[in-house]
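Heads up: the structure comes next, in structure tokens.
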Amino acid sequence: MDTIYFEEPEYPFFDKLKKSVAYFVNASLALLISMLVVRVMEVLYISNYNALPKDLGKVVWMSVSYDMLFFVKILPLIYVLFLLVYFSSKDRTIHFWGFGLLGTLFIFIYLVLVKYFATALVPLGADLFGYSIDDIRQTVGAGTLIDIWTVILVIFPLAIFWSLLGVLSKYQVIRPAISLCLLTGGFLLVYLGVSAVPKVTVFKTDFSYNLALNKVAFFTEKSYLYFTDDEPEVDIYAINYIEDEETANVRGFKKFTYLDSNYPFYRKDETSDVLGNFFNINPGAPPNVVFIQVEGLGRAYSGDGAYLGSFTPFLDALASKSLYFKNFLSAQGRTFASLPSILGSLPFADKGFNDLGSGMPDHYSLPQILKKNGYQAKFYSGVDNTFDNQEEFLKKQGFDVLVGEKDYGPAFRKSPANASGFSWGYADRDLMLRTLQLESRYKAEPFLLFLQTISMHTPYTIPDQTHYLEVFEKHMTRLGFDSEKKQLYRQHKSIYSTILYTDEALQFFFKEYSRFPAFKNTIFIITGDHRLPEIPMSTKIDRYHVPLIIYSPLLKRTASFRSISTHFDITPSLLALLRENYSVKSPSEVTWIGSGLDTVRTFRNVHEVALKQTKNDLHNFVSGLYFLDQDILFSISENLELVPAENASKLSELRSSLNHFKAKNNRLSREKRLMPKSLISR
């Protein structure tokens, strides 16, 4: 190598600019090599906790290709920052340290994003901007684990970077002409908007896709779109949408009769009672309703046909005595929208309905309506209910009892803290016990009761975890796993043991609650808020695939349904059941997103609905047996598997429908109106 040629202190401006390009791109080789080292470290780090995907060769090839693309694309941004240093001083030492600090900052951000992915198995995007500082602090605290691999992950790439930079600051490796071409190419890539994120359809599984992503590229592109991308202006009353009777009938979806253009979700409630025929009805005794929202409960590891094997033996037994919806979808990929979608079939607004805070518009919900019919409404959790603005939403619904982390007392101990000293609050069995203690004091019926669990969430620390790890080992044997498969599953042993723990906590609750006088006249509704992401997901829709179990001593027959429904359909169908069979008064004018549960046993989907993966990502849409993800169309096969679909007209149709929903949803965020105020006082 030749001694670097740009060491003379004085140049005319353009010569100095040219020399800055040569210095910068030459030094950037240290950054590129360090990026590739981080990529190798990422794969090694992931392999310690997860089985690597079967298409690893393709993942590696695509990773390197898109890393190189992103490296060239990111050069202009770093160069602009470096220029401030380069022109502020003639001192070569300042240039060296200036570039070194910029490179260190970039690598550190990259490592943080890799660590986040290694913990959550989903890349961090613009969803970061949807949470308050307190929410972020709790979430990060739950997932942070500093182990020897984390230390190596941080130290090794930075050591490589500074060692190479020391050499490259003295010697020219990249010719000036090539440096200029690379930087020009970077500016061109930015100008043309070339993406450094690969297409999901190239990969066999969602995990393969997420592993192949450059985490900084994904974060920067999602963040850029969050701050710059305007939603398309759409005429929400245009003729080519589902709300129009003729189009809806042709496409086979339930048409809605909208009532006032000032309120884009305001419509007639025409939900049919599809549940009444399954129940023994006593019109004079309206049933109690108990919801159990199980954190992270996905169909991947629960119920008949779970592709990972079922780790919920109690829920499986309960499902066999229930109305069981196998192909059910949550409305969201995180918990932020679960209460509004389950209890109110409400739209998302910008970052979730809860995020509207005191600006939540007047609306109807299941608890509000039932309270007007003489029900009490009670909510139990083991965590801080203010997280994600849940408490404000619950108060808006008029809950009479709100129990959270602060209401347990010295007889209870919080869940074991993780290595960072973080605990969400009280574990699921303690939640069940506290609920039983307090409910034994309440005699009034009817009531609505909502339990929200937490244990199946990062950091997956539970009381007596050693015991449940032993239960996990025995359960794998019952499932017939061979030694190789057992070793594979042990990479997630804390998660699987926690699932078994929560399942046992639910068994405890039902056993004890069955002794309560209210039990025989109660309908239990069990579902997951979303599928937990820390076990690799097979497809994009897997995140939403949760069970729905409707169990009651009032059932006169059981059934298992393969048709698709969503969280949005629960409240409309429950109210239809109560209205038609128990004289419960419910409004004829509503703002439900859902049209009601589908109780056809064959595989089909008569719903069309948007699903929100994170607070800032509204790019998933289900229409019939098609699924849209970020402008990519999939067909949905039985068991909710996805297959890439080449159908231009259907792709255009789903894009149009999603944009239609976004336009209505954006209008709600701006105007904060759902229905005329005069209706609430009725």
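Observations, loosely collected:
- Between 0 and 90 degrees, the angle of helix 176-192 with respect to the longest Cα principal axis of the chain falls at about 30 degrees.
- Ratio Rg/Rh, restricted to region 429-518 and using Cα atoms, in which Rh is the Kirkwood radius: 1.10
- Degrees separating the helix 493-513 axis from the principal Cα axis of the chain, which is the longest one: 20 degrees
- In a DSSP loop and with at most 11 other Cβ atoms within 10 Å, there are no chymotrypsin sites (Phe, Trp or Tyr not before Pro) in region 588-623.
- Checking the cross-link pairs K73/K222; K268/K664; K115/K204 against a 20 Å limit on the alpha carbon distance flags K115/K204 as lying beyond it.
- Spin-label model, Y258 to H467: label points 7 Å out along the Cα-to-beta-carbon direction sit 5.5 nm apart.
- Each peptide in 99-111, 273-285, 332-344 gets a packing score, the mean of other Cβ atoms within 10 Å over its residues, and the list from highest to lowest is 332-344, 99-111, 273-285.
- Whole-number Å³ per residue for the convex hull built on Cα positions in region 151-199: 118 Å³
- Pairs of Cα atoms farther than 15 Å apart, region 317-404, %: 63 percent
- Dividing the mean sequence gap of close Cα pairs (under 8 Å, 6+ apart) by how many residues the chain holds gives a relative contact order of 20 percent.
- Equivalent ellipsoid dimensions for region 273-364 as semi-axes, Å, which come from the Cα gyration tensor, largest first: 28, 23, 10
- Sorting R39, R670, R604 on solvent-accessible area from highest to lowest, probe radius 1.4 Å, gives R670, R604, R39.
- With an a/c value of 1.5 or above and a/b not larger than b/c for the gyration tensor axes a ≥ b ≥ c computed over the alpha-carbon atoms, region 543-675 is described as oblate.
- Scattering curve values for the chain, log₁₀ I(q)/I(0), Debye with Cα scatterers, q = 0.08, 0.12 Å⁻¹: -0.66, -1.31
- Cα-based shape type of region 481-553, given that a ≥ b ≥ c are square roots of the gyration tensor eigenvalues and the cut on a/c is 1.5: oblate
- For region 374-476, the percent of C-alpha pairs falling in each 5 Å distance bin, counted from 0 to the bin holding the largest distance, reads 2, 11, 20, 20, 18, 12, 8, 5, 2, 0.
- Mean separation of Cα contacts under 8 Å (6+ apart) over length of region 488-624, as relative contact order %: 17 percent
- Between 0 and 90°, nearest 10: helix 13-47 axis offset from the chain longest Cα axis: 50 degrees
The values are calculated or read from the model by the stated rules, or taken from the named source; none is laboratory data. Because the structure is predicted, anything quoted here is derived from the model rather than measured. Here Cβ is always computed from backbone atoms with ideal geometry, including for glycine, and neighbour counts include all displayed protein chains. For accessibility, only protein heavy atoms count, side chains too; no ligands or nucleic acids. Shrake-Rupley method; radii C 1.70, N 1.55, O 1.52, S 1.80 Å.
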